[in-house]
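Working notes for the structure below.
The values are calculated or read from the model by the stated rules, or taken from the named source; none is laboratory data. Fair warning: this is a prediction, and the values are worked out from it, not measured in the lab. Cβ placement follows ideal geometry from the backbone for every residue including glycine, while neighbour counts extend to all protein chains displayed. Surface areas here come from the heavy atoms of the whole protein model, side chains and all, with no ligands, DNA or RNA. Shrake-Rupley method; radii C 1.70, N 1.55, O 1.52, S 1.80 Å.
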Amino acid sequence: MARFALVPGALSAARPMATDMYLPALPMIARDLHATQGQAELSMTTFFLGLMLGQPFYGPLSDRFGRKPPLLAGMMLFVLASVACSLAATPQVLIAGRFLQGLGSGSAIAISAATIRDRYTGHQAARLLALRMMVLGLSPILAPVLGAGLISVVSWRFIFWFAAAYGLLASALLMLIPETRDPAHRTTIHAAKVLGIYARLVKDRTFLGAVAVIAFMQLAFSAYIADSSFVFIKIDHTPPWLYSAIYASNAIGFISLAQFAPNLMRRFKAERLILAGSALQAVNAVILFALAVSGHVAVAFLLAPLFLFLASFGLVGGPATVTALHSHGPVAGSASSLLSLLQWGSAAVGSGLVAAMANGTALPMTAVMMGAAVLGVLTAMLAFGRLALPAASAAAD
């Protein structure tokens, strides 16, 4: 059973391998390609944009042809785009290559949750999603450390060669799992039908509420991803290896709560966990913004609120995904792809806002983080506030 989480997790890890590993090198890339900070951060935005644009297609394609063919095609595109990024001589080529890299890695992001949903539901699905998250979570722990290690001895271009090699290895792992989409359940692809499915999903308040919370949290998270290396390395003069260690320690908090969330779902409603996690993120985002406004952005001030800010996503991700997909088994691929479309579209918005607002301070990053986190907790309250009440309290109302 575990392989149905481990293999999709390894495939999905191509995304953090392509983002987190090159973060310590981002200032160096900007310097070598004669790019501005905004142009360097735009390479993150176009990656998320490519990731987003692939989502509406991968889900329906996997519902029609099975999960494995679109997964393999996406990973091959990821490999080729990684090679293109390694050979980039201008910021424009890197930005374009990153778009294709995101488009390719999006196949695993869109389909992996549906692969689990094909076979399992409820607590078993939550446990497998948590296991997938553990595999996926190893990437933000290892990738920035590996990236910092590579740029200490070789060019930053080897980061993208490594990503290409990882894509090939992850693709080979697909042989370890059978096709999970039952041929009897495969659907034909018609634009009107796909749009009709998406329209029904959007009308489902539970689905839309869970997806919106994930999207706002991802928007906040992407602002941190896009700008944190400049804040720590250029503003605080943190060595790349220490920045990588900080990034990795934050990822440990994220993974830990993600692994603990299925156990919490045995005692608490998923809606209560979504509310608690979004509230935790919002509180710490406000603290981070206040520190930036007051000029207290030294590493010692940022560590604790950043750790809690990022850990909150681990608490929400699994319960919110299970809540969103629970009632949509026959169209799990399309539902998963719509979830990913909104999630990674928000990521593109978050990193794009930070790139557009870049001014050499921590204010753009923390302002976007706070705005998105506050919208996330408000959305959770509107969508799940009543559902999260204990049964007795809800009955008394």
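Take the Cα radius of gyration of segment 7-128 and divide it by 2.2 N^0.38 Å, with N its residue count; two decimals is plenty. Display every interim value, and only then the final one.
Working: Rg = 15.9 Å, N = 122, 2.2 N^0.38 = 13.7 Å.
Cα Rg divided by the expected 2.2 N^0.38 Å: 1.16.
So between ALA300 and SER327, what do we pick up on full extension, going 0.36 nm a residue minus the alpha carbon distance?
Details: separation 27, 0.36 × 27 = 9.72 nm, distance 4.48 nm.
Gain on extension, ALA300 to SER327, equals 5.2 nm.
What's the magnitude of the charge dipole for segment 1-77 around its Cα centre, counting Lys and Arg as +1 and Asp and Glu as -1 at the beta-carbon? Answer in Debye, nearest 20.
360
Under the rule of at least 5 residues apart or a separate chain, name every residue whose amide H is placed under 5 Å from the amide H of ARG67.
Those qualifying (amide H under 5 Å, at least 5 residues apart or on another chain) are THR180, ARG181.
Using every pair of alpha-carbon atoms in segment 33-97, split the distances into 10 Å bins beginning at 0 and state the percent of pairs per bin, rounded to integers.
Bins of 10 Å from zero give 20, 42, 25, 11, 1 percent of pairs.
Restricting to DSSP H runs of at least four residues, report the calculated mean residue ellipticity at 222 nm for the chain, -39500 (n - 2.57) per run over all residues, nearest 500 deg cm²/dmol.
On the way: 16 runs with 320 residues, N = 397.
Calculated from helices alone, the mean residue ellipticity at 222 nm is -27500 deg cm²/dmol.
Just the accessible area per residue of the chain, please: how many Å² with a 1.4 Å probe? List each step's numbers first, then the result.
Working: 15040 Å² over 397 residues.
I get 38 Å² per residue for the chain.
Please state, rounded to one decimal and in Å, the Kirkwood hydrodynamic radius that segment 245-397 gives when every pair of distinct Cα atoms enters the mean of 1/r. If you can, show how the numbers build up before the last one.
Working: mean 1/r = 0.0594 Å⁻¹.
By the Kirkwood definition, the hydrodynamic radius is 16.8 Å.
Before anything else, pin down the relative contact order of the chain: Cα pairs under 8 Å, at least 6 apart, normalised by residue count, whole percent. Each step should come with its number before you reach the end.
Values: 722 pairs, mean separation 112.1, N = 397.
Relative contact order comes out at 28 percent.
What list of whole percents do you get for P(r) of segment 190-308, with Cα-Cα distances grouped in 10 Å bins up to the one holding the largest distance?
The percentages, shortest bin first, are 11, 34, 28, 18, 8, 1.
Leaving out ligands, DNA and RNA, and with a 1.4 Å probe, what % of the accessible surface on the chain is carbon or sulfur? Please list the in-between numbers first.
Working: 10900 of 15040 Å².
With neighbouring chains kept in place, the figure for the chain is 72 percent.
Mean separation of Cα pairs under 8 Å and 6+ residues apart, divided by the residue count of segment 252-397: what relative contact order is that in percent?
Working: 136 pairs, mean separation 55.5, N = 146.
Reported as a whole number, the value is 38 percent.
Can you give me the convex hull volume of the Cα atoms of the chain, divided per residue and expressed in Å³?
Details: hull volume 49.0 nm³, N = 397.
Output value, Cα hull per residue: 123 Å³.
Taking amide H atoms as placed 1.01 Å from N in the peptide plane, list the residues 5 or more away in sequence, or in a different chain, whose amide H sits under 5 Å from that of ASP204.
Excluding prolines and chain starts, which carry no amide H, there are no hits.
As an exercise, find the ratio Rg/Rh for segment 198-260 from alpha-carbon atoms, using the Kirkwood inverse-distance average for Rh. Walk me through the numbers on the way to the answer.
Working: Rg = 16.6 Å, Rh = 14.1 Å.
My calculation puts Rg/Rh at 1.18.
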